[in-house]
Amino acid sequence: MNARPYGCEDLLRFYREMLRIRLFDLKAAELFAQGRMAGNIHTYVGQEAVAVGACQALEPGDLITATHRGHGHCLAKGGRADTMMAELFGKATGYCRGKGGSMHIADLGLGILGANGIVGAGIPIAAGSALASKIKGGREITLAFFGDGAANEGVFHEALNMAAAWRLPVIFLCENNRYGVSVSIDRVTNTADIADRAKGYGIPGVVVDGNDILAVCEAVAAAAGRARRGEGPTLLEAKTYRHRGHYEGDPQSYKPAAEIAAWKERDPLDRLKKTILAAHPDAAAALAGIAAAVEAEIAAAVRFAEDSPYPEPATVTSDVYAADNERSVAR
Amino acid sequence: MREITFSEATLEAMAEEMARDERVFVMGEDIARQGGIFGQFKGLPQQFGLDRVRDTPISETAIVGAGVGAALAGMRPVVDMHFADFITVCMDEVVNQMAKIRYMFGGQCTMPLVLRAPDGIIRSAAAQHSQSLEAWFVHVPGLKVVIPSNPADAKGLLKAAIRSDDPVLYFEHKALFPTKGPVPDGDHLTPIGKAAVVRPGRDLTVISYSMTMHRALEAAETLAGQGIDAEIIDLRTISPIDIDTIYASLAKTHRLLIVHEAVKAGGVGAEIAARVAEEAFDLLDAPIARIGAPFVPIPFSPALEKLVKTTAGDIVRAAQQLCR
Amino acid sequence: MEYERDFLRHLYRRMVTIRLFEEKVGELFLGGEIPGFVHLYVGEEAIAVGVCAALTDKDYITSTHRGHGHCIAKGAQIGPMMAEIFGKKPGYCKGKGGSMHIADFSVGMLGANGVVGGGYNLAVGAALAAQMRKSGEVAVCFFGDGASNRGTFHEGVNMAAAWKLPAIFVNENNQWASTTPYRTTNNIEDIADRAKGYGIPGVVVDGNDVFAVIEVAKAAVARAREGLGPTLIEAKTYRIKGHFVGDPEKYRTKEEVQKHFTANDPIKNFAQKVIGAGWLKQADLDAIHAEAAREIEQAVAAARQAPYPDDSELYADLYVEGVS
């Protein structure tokens, strides 16, 4: 990891954003295990460098689509920890007023077009958002996060082809964490790199170390430049690893223990911390300050979520349509 | 009779049919190495190998489409949809291929394909992992649709579906997997297209299936205490609907309540109500009543999710109204 | 490469049969004798005939909406094909399928398909069946350039590659997806480039040279039968007729079409080559042509005289096991 193009402040900001995700998800996992949260959660622990690296290379007006493992993407794009935590609790103060939950968090104001419960579904949505930008002549671009499993969905193919044919301002960022739920990517594809598929669309395909935030940031910056110049999409493949199960409670019996250990050695936060301290030995205090601030932010988010009310029963039939839903069927 | 879980009952059905006929195999996401996300495939790979119990890519059109192709080429595939909600990703394969191929080709082939679809509300799984979409497929000629409510029928219907030369959608409620019930020993089959009168009664007929069957049975106990004797019918198969069993019951009770977890609008209850109104109006002494979910996607928050779930209390109230 | 005379005659017979069949169908359609729509294979004959020449009757193919050529090349009979296109009782599908849904399971033809890209996964499934029972068949999926942009392409090819299935994906790049020129919807010159993304061979071949097609098909079949997995073949060709008969073809000029046809007619290419090489004489070709024309005339006469299906056929073939 070469820190040179980035100043100490940049690196500390990166670290802070990654730590927000790490602590948010570890806290969410803890609360989930205690039975204090409904539904299911899929944590982003181990993949933080991808979302943060990507979003740090984007502009505020840019858009993203996320996945079922979307907490990291939302936070990295500027999402609020408290509003997210409230949504995970199903509270009225959550991003979706409790209607969406962990897998369906969106903040359209921040350009977060939604996490998604359907594997691969965000990929064509990102292409559509990029199409809108192209038609409007806007400067903004869209980035689709998706996993290695999603890369085998038909929508991947349809969206990449269309985006390439129309030179849409979009970045397709595959987070290859090696497992589609329980199934190793090696068992369901015949190639080492998903980025190889770019050739089939006539677009660049780039493999990047997804646990190296600076490498991710640079690769996304290059792809963003290409997209903004009207040269069309890029397929990026960030090689990374999820430390925890597919969902909380997943025993991960399909993963070799040595593999998990080896990837934990390459933890993206530890790596960035080392890089920072190597380049800026006096940053230790700043790092400690960040840790304290982020811990406080997450603790406050949990308090906020716990103190918030559940949604009013009457809201169950609101928001189905833009106009009030007269068709709502009484019980 | 021995008691096993719904999940174990489906496993027995799979294992028995795979042992009985080597053309039977199963594929889907996370079924082999993980044993299915609800444990409903545990141990099958050890018994039959990873060739016949296959983990697939996350490629729904390929999973169902390849099931159709393998059936055309002489196999008897079972394919698993992980969550019933994901059928939406491969509707062409289900509706345009699997359902129509035999008829469209003038009967040249059979389509012995079973599509397993875990559905229903479970623990705040939210809008894209909680749906009950069974009524869509009742509208498609060429498909058969079964939807068991208990372990015995789970086993019997799955075995019958695997042996059927017609394509069968097998909906299994996610929250039913861990529930226990008696299952007969041996080669237990439940006929497709045959409803069961699970509780005889004389005052009204309550028709249901899958999870809400259990709510209906609870309600029947409460109603019995109030002097209302409900006859409970478990449809078990919703395409074709066993209309004769329904008419026979109405001839006794003259009152009809239909209950399902799926959205009420356009649901299976609507079809039954329409048929009864068209064909057996004279049997009725009261308007037909239906209970189903309100016309909203399934909300995440437990505070809202509970409002779309049918309770035994809802059924009791509706039955009281009908019998007033 | 040297070919047996009988084999050359066989190739010519099949190509000319397709050509004359399609011209006749077009004429009958415009004359109002054929219901529905028809999509003609004129100008693409060398692909179906070349590929099927590398197959046995036991091997499988899946086809497209433009499927008459694939049927004839795989050995289906002209009589029941024509009757099906007329919607008559002796048709392959008893008049229930029509032009877009002809199948002949006796020769491994698993059906034309009305859904663009609907065939990939059926072929993948047939290949899976062959692999599982080690019976040695291969399955070929024919598809157009338009279909290459369907998600089913990706899911099917990926699964076949991951599982090393005996499948062959034959793209007929005729430059037109309905009314849309290939390059406006694709950012690559060669669809075969997509093979790299699945780690399988991708081969471009002149689709109007039957001999070139035969050779790449043989290599792909050998690879598939050896268990080495699928091949993606892209056969470059040009659609001579409209997307469907009656297409006003406002998206291209007659001159452009004529230029292609004059310069690169696969049947003329064949004749020049075999006569030039002294393998066959013009008289041989003329005799084959006359036989094929006679056979088609007979098929038309029979189809015209054949009865329509009985009313009772409406519900037949929907299910194997009775549903009222």
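No value in this document is a laboratory result; all are computed from the given coordinates. These numbers were taken from a predicted model, which means no experiment stands behind them. So basically every Cβ, Gly included, is an ideal-geometry build from the backbone, and we count neighbours across all protein chains shown.
A few remarks follow.
- Amide H partners (placed H, <5 Å) of B:ILE4, local residues excluded: B:GLY181, B:VAL183
- Over the stretch C:5-315, relative contact order from alpha-carbon pairs under 8 Å, at least 6 apart, %: 24 percent
- Simple Cβ-charge dipole of the stretch B:45-184, Lys/Arg +1 and Asp/Glu -1, about Cα centre, in debye nearest 20: 400 debye
- Cross-link check: pairs C:LYS24/C:LYS241; C:LYS74/C:LYS134; C:LYS74/C:LYS241 evaluated at a Cα-Cα cut-off of 18 Å; pairs beyond the cut-off: C:LYS74/C:LYS134; C:LYS74/C:LYS241.
- Summarising the amide proton neighbourhood of B:ILE291: residues at separation of 5 or more, or on other chains, whose placed amide H is nearer than 5 Å comprise B:ILE258, B:VAL259, B:HIS260.
- For the stretch C:261-305 and the stretch A:221-244, distance of Cα centres in Å: 54 Å
- Inter-label distance for B:ASP229 and C:LYS281, nm, one decimal - labels placed 7 Å from Cα along Cα-to-Cβ: 9.6 nm
- Relative contact order for the stretch B:215-324, counting Cα pairs under 8 Å that sit 6 or more residues apart, in percent: 33 percent
- Cβ-based charge dipole, the stretch C:197-324, positive-most Cα from C:THR253, C:PRO307, C:THR231: C:THR253
- In sequence order, the stretch C:166-181 has phi-based couplings of x, 10, 10, 9, 10, 8, 9, 7, 9, 6, 9, 9, 6, 9, 9, x Hz under the Karplus curve 6.51 cos²θ - 1.76 cosθ + 1.60, θ = phi - 60°, and Gly or Pro positions carry x.
- Partner chain coverage, peptide C:115-121 - average Cβ within 10 angstrom: 6
- Size of electric dipole in the stretch B:196-323: Cβ of Lys, Arg +1 and of Asp, Glu -1, about Cα centre, debye, nearest 20: 340 debye
- Residue among B:GLY35, A:ALA86, C:GLY69 farthest towards the positive dipole end of the protein assembly as shown, charges placed on Cβ: A:ALA86
- For the protein assembly as shown, adding -39500 (n - 2.57) for each run of n ≥ 4 DSSP H residues and dividing by the number of residues yields -12500 deg cm²/dmol at 222 nm.
- DSSP beta bridges fully contained in the protein assembly as shown are about 15 percent antiparallel.
- Other residues with beta-carbon under 13 Å from the beta-carbon of B:PHE38 carry, at +1 per Lys or Arg and -1 per Asp or Glu, a net charge of -3.
- Counting, for every residue in C:195-201, the Cβ atoms of other protein chains within 10 Å of its Cβ and taking the mean gives 6.
- Taking only alpha carbon atoms, the stretch C:5-315 gives an Rg to Rh ratio of 0.95, where Rh is the Kirkwood radius.
- Residue among B:VAL276, B:TYR247, B:ALA293 farthest towards the positive dipole end of the stretch B:196-323, charges placed on Cβ: B:ALA293
- Placing +1 on the Cβ of every Lys and Arg and -1 on the Cβ of every Asp and Glu, with nothing else charged, gives the stretch C:102-216 a dipole about its Cα centre of roughly 480 debye.
- Rg over Rh [alpha-carbon atoms, Kirkwood Rh] for chain A: 0.97
- Kyte-Doolittle at least 0.0, axis length at least 27 Å by Cα - qualifying DSSP helices, chain C: none
- For B:LYS155, the lysines whose Cα falls under 29 Å of its own Cα, not counting residues fewer than eight places away in the same chain, are B:LYS42, B:LYS100, B:LYS144, B:LYS174, B:LYS180, B:LYS194, B:LYS264, B:LYS309.
- Residue list for the stretch C:286-324, given a label point 7 angstrom along the Cα-to-Cβ vector of B:GLU279 and an amide N cut-off under 17 Å: C:315, C:322-324
- Counted over the stretch B:196-323, the DSSP beta bridges are approximately 25% antiparallel.
- Ellipsoid semi-axes in whole angstrom, largest first, where each is sqrt(5λ) of the Cα gyration tensor of the stretch A:1-87: 25, 14, 11
- Here each label is just a point 7 Å from Cα along the line to Cβ, and for B:LEU133 and C:THR180 those points are 2.4 nm apart.
- Degrees between helix B:312-323 axis and first principal axis of chain B (Cα, 0 to 90, nearest 10): 50 degrees
- For the stretch C:118-171, Kirkwood radius (reciprocal of mean inverse C-alpha pair distance, Å): 10.9 Å
- Values of log10 I(q)/I(0), in the order q = 0.15, 0.19, 0.22 Å⁻¹, for the stretch B:77-148 under a Debye, Cα-only, solvent-free model: -0.52, -0.79, -1.01
- Taking every alpha-carbon pair under 8 Å whose residues sit at least 6 apart, chain B reaches a relative contact order of 17 percent.
- Residues within the reach of a label modelled at B:ASP51 (point 7 angstrom out along Cα to beta-carbon, backbone nitrogen below 15 Å), restricted to the stretch C:141-182, are C:163-166.
- Counted over all Cα-Cα pairs of the stretch B:3-182, pairs farther apart than 29 Å make up 12 percent.
- Taking amide hydrogens as placed 1.01 Å from N in the peptide plane, the amide H of C:ASN187 sits under 5 Å from those of A:ALA165, each at least 5 positions away in sequence or on another chain.
- Restraint check, C:LYS88/C:LYS236; C:LYS94/C:LYS259; C:LYS58/C:LYS94, Cα-Cα greater than 32 Å: C:LYS88/C:LYS236; C:LYS94/C:LYS259
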